[in-house]
């Protein structure tokens, strides 16, 4: 009887620990990934300025928004840092003058550890520097999210991860002597959430949000040739 009891307790403990272990998959690619990568590779001119990232980066026409003809959008909806690494050669082969990067919030939503995200940031930076040494790198901090919405529950309530990754990135840009664009504080409301004035769903931006982003870029002076 006692032996049976301890076996039962052990089984429950194992099941509990298994439930607490978050799984993640570095091989995940969104459904539209292959087509977008094929399209990007088919374009002759990579452009002077590349905007590289996920759906937040993909969600606007950067050339129209910034009124600049030398800008190319290389955002893919749902992409993660592993996906960016996989397709980075398409970006560096064009030897762009500048690359603006925003990636990582989907990693967080898919339980990829913060340390792994930061490791991938390092790989992105070092690969660009190696393949295209003259390219200037501009890395954005992750934006806040807002859990008052309901569409993207896996992305909400991950604030501590966003802050950790952003803090790690701030140290990294100094180490590699690249440029930081700190978007996070510009989009906060009084409750330290993504301001509803700038979002459609607590994750993605609306027109006002992209306009604010463009203002941050213009005021930074990073868009100058």
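Annotations
- Being surrounded by 10 or more Cβ atoms within 10 Å (Cβ to Cβ) and at pLDDT 90 or above is a condition met by at least one residue of the stretch 2-24.
- Filter result for residue 163 (at pLDDT 95 or above and surrounded by 18 or more Cβ atoms within 10 Å (Cβ to Cβ)): no
- For the stretch 213-222, a residue qualifies if it is within 16 Å of residue 102 (Cα to Cα) and either in contact with a helix residue (DSSP H, G or I) (Cβ under 6 Å, 6 or more places away or on another chain) or not in a helix (DSSP H, G or I) (or both), and the qualifying residues are 214, 216, 222.
- Restricting attention to the stretch 116-131, the residues being over 17 Å from residue 27 (Cα atoms) and either touching a strand residue (DSSP E or B) at 6+ places or on another chain (Cβ under 7 Å) or not in a helix (DSSP H, G or I) (or both) number 2.
- Some residue of the stretch 99-115 being within 19 Å of residue 158 (Cβ to Cβ), outside any loop (DSSP other than H, G, I, E, B) and in contact with a strand residue (DSSP E or B) (Cβ under 7 Å, 6 or more places away or on another chain): yes
- Checked against (1) farther than 19 Å from residue 52 by Cα; (2) in contact with a helix residue (DSSP H, G or I) (Cβ under 6 Å, 6 or more places away or on another chain), residue 209 passes all but condition (1).
- Cβ-Cβ under 9 Å pairs, at least 6 apart or on other chains, the stretch 106-132 side free of Cβ contacts under 8 Å to residues at least 12 places away in the same chain and on the phi > 0 side of the Ramachandran plot, far side surrounded by fewer than 19 Cβ atoms within 10 Å (Cβ to Cβ) and not in a helix (DSSP H, G or I): none
- Tally, over the stretch 190-206, of residues that are in contact with a helix residue (DSSP H, G or I) (Cβ under 8 Å, 6 or more places away or on another chain) and over 15 Å from residue 142 (Cα atoms): 2
- Verdict on residue 144 being in a loop (DSSP other than H, G, I, E, B), at pLDDT 95 or above and touching a strand residue (DSSP E or B) at 6+ places or on another chain (Cβ under 6 Å): yes
- For the stretch 83-105, the set of residues classified as farther than 27 Å from residue 224 by Cα and surrounded by fewer than 21 Cβ atoms within 10 Å (Cβ to Cβ) consists of 86 only.
- Selection over the stretch 185-206 of residues that are in contact with a strand residue (DSSP E or B) (Cβ under 8 Å, 6 or more places away or on another chain), under 19 Å from residue 54 (Cα atoms) and assigned to a loop (DSSP other than H, G, I, E, B) gives a count of 3.
- Candidate set from the stretch 190-212 (those that are free of Cβ contacts under 8 Å to residues at least 24 places away in the same chain and surrounded by fewer than 14 Cβ atoms within 10 Å (Cβ to Cβ)); member that is nearest to residue 59 (Cα to Cα): 207
- Within the stretch 158-179, the set of residues being outside any helix (DSSP H, G or I) and out of contact with any strand residue (DSSP E or B) (no Cβ under 6 Å at 6 or more places or on another chain) comprises 158, 177.
The values are calculated or read from the model by the stated rules, or taken from the named source; none is laboratory data. As the structure is a prediction and not an experimental result, all values here were calculated from the model. Please note: Cβ atoms are built from the backbone with ideal geometry, for glycine as well, and neighbour counts cover all protein chains shown.
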